[in-house]
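Engineer: Dumping the structure here so I can ask a few things about it.
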Amino acid sequence: MSLNDAVPHAVSGGALPLATDALLTDALAPKALAKNSVGLAHIVFFVVAAAAPLTAVVGASPAAFAFGNGPGVPGAFVLAGLLYLVFSVGFTAMSRHVGGAGAFYTYIAQGIGKPAGVGGAMMALVTYSAVQIAVYALFGVFVAGALAPFGIELPWWVWAYVALIAVMACGQRNIAFSGVLLGVCMLAEIAILLLLDIGIVLKGGGPEGFTFSAFAPSTVFAPGLGVALVFVIGSFIGFEATAIFGEEAETPEKTIPRATYVAVLLITLFYAFSTWAAVQFYGPSQVQAVAEKGLEAFYFTAAAEVLGGWSVEAMNLLLITSLFACILSFHNTLNRYFFALGREGLALRALGKVHEVHGSPHIAGYVQSAVAAVILALFIAAGADPYTTVFSFMSALAVLGILAVQVLVSLAVIRFFRVTPTRHGVGTTLIAPVLGLIGLAGALVLVTVNLSLLTGSESPLVMAFPYGLAVVFLLGAGFALYLRQRRPELYASLGEVFA
């Protein structure tokens, strides 16, 4: 069995174009994003929505139970959360000195150097584009399955493109609009899982009663922990969204660190509690065997028994809204990456233009939506299965890519504080970043060696993902070095901090 079974069935790159002198006009000159547009709550909504809690719990955690450390999965989520909290120490400390819509790009450029920054930006673009493509495909599958019983039978890709248009329209609005929409979707999906979790608690657990053995070291560090972490780490993708909205946040020096810690804590506690409740329902000694027998029915069976049949239908509907919220969050993230690169002249200058009314990077939204539409069309033309190929392959590429970028950021944080005098202590500037680096590097190795399990395929294409990301990084770094030789004035402005 593979990750292909991990998400329940519903209801049952190329390089960026170079800036040209012709585009360096006053009309398309880079502008600033709308200031003070989002507060703490909005940013937390973006991060949690990107994590897609319902999809992560109902889709990914059964695979962790089946192939990983069984009843120790809740503890694995706690370990992953602790890793990102440790990473956040240096990350948020650096956010007080480095800002801008480029987020990880700016961090890497300021910490390691401009070539590494551009290389990291290229990897981030590939990563978040892969996430979007994966979720568009999954959204199409779920909607097609949900509407089929009502006589509406259209191909999955029709609904994927409907979602793409809707997301693009939402992304054109002020960032607060997306924040409110994401908040509504996020609260709804969390509510249905909390109802299930609380129902299990009120029911008195399952056949083995209540136990907290899921968090015991002997259970968490049992054989299979490494495999469990492969699925668990992927559930935290979207972590970067706190920093990427620094230009638009209210008092970013306070908001970004607070939003980062709040988001990671919420995600960790929610995942740990929900998976712990599942362990109680099935029993620690049985939960792994149950997951192995039916990944797609793992949470639906519990919901039907604890809450009733209505909850299964509600959960299927909220899975769709969860996926939409996830796409919208990553769409806004990608918009700001394209915007940052356009503003600095690494891509078409038009990408650095903001909407006169909404203050949003609307041209970037059009361009990256067009890129997603073309990639989806290529998969459709190739006859690729939307789930076993598009979703599985692209989500695996995304997990691999985000870990690689986060490793670079950890290195950037360490080097930045080695050369930048601050009042932060050694625990913040060295110890925590080093621990985060070790943990993220270990996770990257785990994902790399388990790619076939994560995708359910041993395709040469899948096995080439790590090398492909390395090539993307080298091409980005090489382009930066080319600019240093041919466009020194442009090179000097790369990774610039925008207050």
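Engineer: Could you list the GluC sites (Glu not before Pro) in the stretch 407-499 that lie in coil according to DSSP, counting only those with at most 11 other Cβ atoms within 10 Å of their Cβ? Spell out each step's value before the answer.
Structural biologist: On the way: sites: 458, 489, 496; in loops: 458, 496.
Hits after loop and neighbour filter: 458.
Engineer: Related question: Please give the contour-minus-distance gain from residue 467 to residue 384: 0.36 nm per residue of separation, less the Cα-Cα distance, rounded to one decimal in nm. Let's see the in-between values first.
Structural biologist: Details: separation 83, 0.36 × 83 = 29.88 nm, distance 2.25 nm.
Between residue 467 and residue 384, full extension yields an extra 27.6 nm.
Engineer: Another question, if that's okay. Calculate, for the stretch 286-346, the solvent-accessible area per residue in square angstrom, rolling a 1.4 angstrom probe over the heavy atoms of the protein chains. Mind dumping the intermediate values first?
Structural biologist: On the way: 1690 Å² over 61 residues.
Per-residue accessible area for the stretch 286-346 comes out at 28 Å².
Engineer: For a distance above 17 Å, tell me the whole-number percent of Cα pairs in the stretch 213-334 that qualify. Could you put the intermediate results ahead of the total?
Structural biologist: Working: 5152 of 7381 pairs.
In whole percent, the share of Cα-Cα pairs in the stretch 213-334 beyond 17 Å is 70.
Engineer: Let me ask something else. P(r) of the stretch 370-434 in 5 Å steps, Cα pairs, percent per bin?
Structural biologist: Pair shares across the bins are 4, 14, 16, 14, 10, 8, 8, 8, 9, 7, 3, 0.
Engineer: Just subtract the alpha-carbon distance of residue 426 and residue 82 from 0.36 nm times their residue separation and send over the number in nm, one decimal. Intermediate values should be presented prior to the final figure.
Structural biologist: Values: separation 344, 0.36 × 344 = 123.84 nm, distance 1.91 nm.
Between residue 426 and residue 82, full extension yields 121.9 nm more.
Engineer: Let me ask something additional. Take the stretch 248-307, drop everything but the C-alpha atoms, weight them equally and run the Debye formula without solvent; then report log10 I(q)/I(0) at 0.25 Å⁻¹ to two decimals.
Structural biologist: -1.02
Engineer: How far apart, in nm, are two points set 7 Å out from the Cα along the Cα-to-Cβ line at residue 374 and at residue 484?
Structural biologist: Result: 3.0 nm between the two label points.
Engineer: A further question follows. So if R0 is 41 Å, what FRET efficiency would residue 493 and residue 452 give, r being the distance between their Cβ atoms, rounded to the nearest 0.05?
Structural biologist: For residue 493 and residue 452, the calculated efficiency is 0.45.
Engineer: May I pose another question? For the stretch 148-217 and the stretch 317-354, what is the separation of their Cα centres, given in Å?
Structural biologist: The two parts, judged by their Cα centres, are 21 Å apart.
Engineer: Run the numbers for residue 301 and residue 441: contour at 0.36 nm per residue of separation, minus the present Cα-Cα distance, in nm.
Structural biologist: 46.7 nm
Engineer: Still on this structure: How large is the dipole of the chain about the Cα centre if only Lys and Arg carry +1 and Asp and Glu carry -1, each at its Cβ, rounded to the nearest 20 debye?
Structural biologist: 1380
Engineer: Work out how far the C-alpha atoms of the stretch 49-177 reach from end to end along every principal axis, then list the three figures in whole Å, largest first.
Structural biologist: In descending order, the Cα extents are 56, 43, 28 Å.
Engineer: Let me ask something else about it. On the principal axes of its Cα set, how long, how wide and how thick is the stretch 357-468? Give whole Å, largest value first.
Structural biologist: 56, 48, 19
Engineer: Can you list which of the GluC sites (Glu not before Pro) found in the stretch 188-278 are DSSP loop residues with at most 14 other C-beta atoms within 10 Å?
Structural biologist: Listed in order of number, the matching sites are 250.
Engineer: Carbon-plus-sulfur fraction of the accessible area of the chain, 1.4 Å probe, in percent?
Structural biologist: 69
Engineer: Another question about this same structure. So how long is each side of the stretch 263-352 along the principal axes, counting just the alpha-carbon atoms, biggest first, in Å?
Structural biologist: Extents along the principal axes: 57, 26, 24 Å.
Engineer: Tell me which chymotrypsin sites (Phe, Trp or Tyr not before Pro) from the stretch 43-116 have a DSSP coil assignment and no more than 12 other beta carbons within 10 Å of their own.
Structural biologist: For chymotrypsin sites (Phe, Trp or Tyr not before Pro) across the stretch 43-116 that sit outside H, G, I, E and B with at most 12 neighbouring Cβ atoms in 10 Å, the list is empty.
Engineer: Here are several values of Kirkwood radius over Cα pairs in Å: [x] 23.9; [y] 22.7; [z] 26.4. Which one was derived from the coordinates shown?
Structural biologist: Comparing each candidate, only [y] matches the computed number.
Engineer: Okay, moving on. For the stretch 402-496, just the Cα set please: Rg and Dmax, both in angstrom.
Structural biologist: When restricted to the Cα atoms of the stretch 402-496, Rg and Dmax are 17.4, 50 Å.
Engineer: Something else now. Find which of 74, 453, 97 sits farthest along the positive direction of the dipole of the chain, computed with +1 on the beta-carbon of Lys and Arg, -1 on that of Asp and Glu, about the Cα centre.
Structural biologist: Projecting each Cα onto the dipole axis, the largest value belongs to 97.
Engineer: Quick check for you: with a 1.4 Å probe and neighbouring chains kept, what is the accessible area per residue of the stretch 383-499, in Å²?
Structural biologist: With all protein chains present, the stretch 383-499 gives 47 Å² per residue.
Engineer: Express in % the proportion of alpha carbon pairs of the stretch 78-130 at distances exceeding 16 Å.
Structural biologist: 51
Engineer: If you don't mind, there's one more thing I want to ask. In nm, give the distance between the simple-model label positions of residue 475 and residue 265, each being 7 Å from the Cα along the Cα-to-Cβ direction.
Structural biologist: Going by the 7 Å Cα→Cβ label model, 4.2 nm.
Engineer: Past the 19 angstrom mark, what percentage of all C-alpha to C-alpha distances in the stretch 311-402 do you count? Mind showing how you got there, number by number?
Structural biologist: Numbers: 2343 of 4186 pairs.
When every Cα pair of the stretch 311-402 is considered, 56 percent fall beyond 19 Å.
Engineer: Sorting 423, 343 by accessible area (1.4 Å probe), largest first, what list results? Let's see the in-between values first.
Structural biologist: Values: 423 240, 343 20 Å².
The ranking, largest first, comes out as 423, 343.
Engineer: While we're looking at this one, here's another question. Using θ = phi - 60° and the Karplus relation 6.51 cos²θ - 1.76 cosθ + 1.60, list the HN-Hα couplings for the stretch 372-389 in order, rounded to whole Hz, with x at every Gly or Pro.
Structural biologist: Values, residue by residue: 4, 4, 5, 5, 4, 4, 5, 4, 5, 4, 7, x, 5, 5, x, 9, 6, 10 Hz.
The values are calculated or read from the model by the stated rules, or taken from the named source; none is laboratory data. Only a predicted model underlies this, so the values are computations on that prediction, with no experimental measurement involved. Here the Cβ is made from the backbone with ideal geometry for all residues, glycine too, and neighbour counts use every protein chain on show. Note: areas computed on protein heavy atoms with side chains; ligands, DNA, RNA excluded. Shrake-Rupley method; radii C 1.70, N 1.55, O 1.52, S 1.80 Å.
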